[in-house]
1. Within segment A:63-78, can you find the residues that are within 28 Å of A:Gly165 (Cβ to Cβ) and surrounded by fewer than 18 Cβ atoms within 10 Å (Cβ to Cβ)?
2. Of A:Asp142, A:Asp128, which residue is assigned to a loop (DSSP other than H, G, I, E, B) and not small (Gly, Ala, Ser)?
3. Just name the residue that is nearest to the other protein chains (Cβ to nearest Cβ) out of those in segment A:142-160 that are under 19 Å from A:Arg63 (Cβ atoms) and surrounded by 15 or more Cβ atoms within 10 Å (Cβ to Cβ).
4. When you go through A:Thr116, A:Thr98, A:Thr85, A:Thr109 one by one, which is the residue that is among the β-branched types (Val, Ile, Thr), more than 26 Å from B:Gln80 (Cβ to Cβ) and surrounded by 13 or more Cβ atoms within 10 Å (Cβ to Cβ)?
5. Just checking, does segment B:5-23 include any residue being in a loop (DSSP other than H, G, I, E, B) and in contact (Cβ under 8 Å) with a residue 12 or more places away in the chain?
6. When segment B:9-44 is examined, which residues are found to be under 27 Å from A:Gly38 (Cα atoms), facing chain A (nearest Cβ under 7 Å) and of a type in the set (A, V, I, L, M, F, W, C)?
7. Just to be sure I understand the filter: pairs with C-beta atoms under 9 Å, separated by 6 or more residues or on different chains, first member in segment B:91-104 and facing chain A (nearest Cβ under 8 Å) and under 15 Å from A:Leu35 (Cα atoms), second member surrounded by 19 or more Cβ atoms within 10 Å (Cβ to Cβ) and of a type in the set (D, E, K, R). Which pairs pass?
8. Can you name the strands (runs of 3 or more DSSP E) wholly within segment B:61-129 that have at least 1 residues being basic (Lys, Arg) and within 21 Å of B:Ala44 (Cβ to Cβ)?
Amino acid sequence: MKKILILPVLLGAALALADPAARPQPATQAARDQLKAGVLSPVMAAPQISLQGTDGQPIDLARYKGKVVLLAFGFSNCGEVCPITLATLAGARKKLGTEAAYVQVVYVTVDPERDTAAQMKKYLASFDPTFIGGVGTRAEIDAAQKKYGISSSKNSNPDGSYTIGHSSSIYMIDRAGGLRAVMPYGHPVDDFVHDLKILLRS
Amino acid sequence: MSRRGWWWWAALTPLLAVVAWAGFAPIKLPSREALFEIPHGTYARRMSGDLVDILPSSITLTLGLNDVLLLRNLDEVPQQFGPTIMMPGQSFRLPFEVASENRFDCTAHSSGQMIVIVEEKPVWPWQKIRWRLRHWQNS
């Protein structure tokens, strides 16, 4: 009886394994061309921000047309998220080689009370000297955060110092100035390289 | 085998075959995208005090099967999901590659938050059977 019950199990398993989908399928070109980041569709113009750049010029996204802009928000006293994000972006630029000339990282402070242009410039240069910081008054920073849906909150420490919790995604603006994609925090260097190559081609 | 035994065998055969198939057959879905739409009038309903949830507060995705969250804003005002502001008519396609639990701020939810649980792809027969049962229940 037991043996006879095995027969239908074998029949079901055989039918299942005969399905062509059971065999590994090679990745298609379309799948390889999908961004690892979250993609916005249809693409709309990236919101403009009015801030001072650490390179001495105003931050104007139109100035970077022809380049892919990686826009992120953080602060120079950040001990956890920002160093990882900035090291990842620096690593991606390094891995891109000559194509990195067409990638501009813009890092906007969420801590205008402490982050002066000089402070941000020094901090960003420790990761990559081409990174440009965005600084401004509290009102200007708030306006920029609102346009990109960035939240931040100040957390006081017992010693009187403070830290800031903030959104940590990276906005990917294409060469035509369209807000194409948003990369959540935590993706590795290779994911950025993958997406940047696609964005640089398009 | 007795006559009664044959009857048992005849009844159990299709059941065992189906269970075996469910445990071994590859799971196929028409798309890897799990689509959720924020309908027209969502903001207006919120403003009138309607707290009915339009989208589920928790979504479960499975790596390799339906691991891409596709949100479409059909409302007449921008809606925020996580770090993204979706303009009216815009969609946001977010792929996941790691099993994880993610909490996103979401203006379309009365709670203001949406949880996306990403599970590993079912590999073993009992995992596939459990996945199929849950999928069948939810559909």
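Any read-out appearing in this document is the output of simple, stated calculations on the displayed coordinates, not a laboratory observation. Computed from a prediction, not measured in an experiment: that's the story for all the values here. Neighbour counts are summed over all protein chains in view; Cβ atoms, including those assigned to glycine, are modelled from backbone coordinates with ideal geometry.
1. Listed by number, the list holds a single entry, A:Asn77.
2. After ruling out the rest, the residue left standing is A:Asp128.
3. Checked segment A:142-160; the qualifying residue nearest to the other protein chains (Cβ to nearest Cβ) is A:Tyr148.
4. Being among the β-branched types (Val, Ile, Thr), more than 26 Å from B:Gln80 (Cβ to Cβ) and surrounded by 13 or more Cβ atoms within 10 Å (Cβ to Cβ) holds for just one of A:Thr116, A:Thr98, A:Thr85, A:Thr109, which is A:Thr116.
5. First, the residues of segment B:5-23 that are in a loop (DSSP other than H, G, I, E, B): none.
The answer is no; no qualifying residue exists.
6. Hits for segment B:9-44: nothing passes.
7. Once the first residue is facing chain A (nearest Cβ under 8 Å) and under 15 Å from A:Leu35 (Cα atoms) and sits in segment B:91-104, its partners that are surrounded by 19 or more Cβ atoms within 10 Å (Cβ to Cβ) and of a type in the set (D, E, K, R) give B:Pro95/A:Lys36; B:Pro95/B:Asp67; B:Glu97/A:Lys36; B:Glu97/B:Asp67.
8. Correct list: B:68-73.
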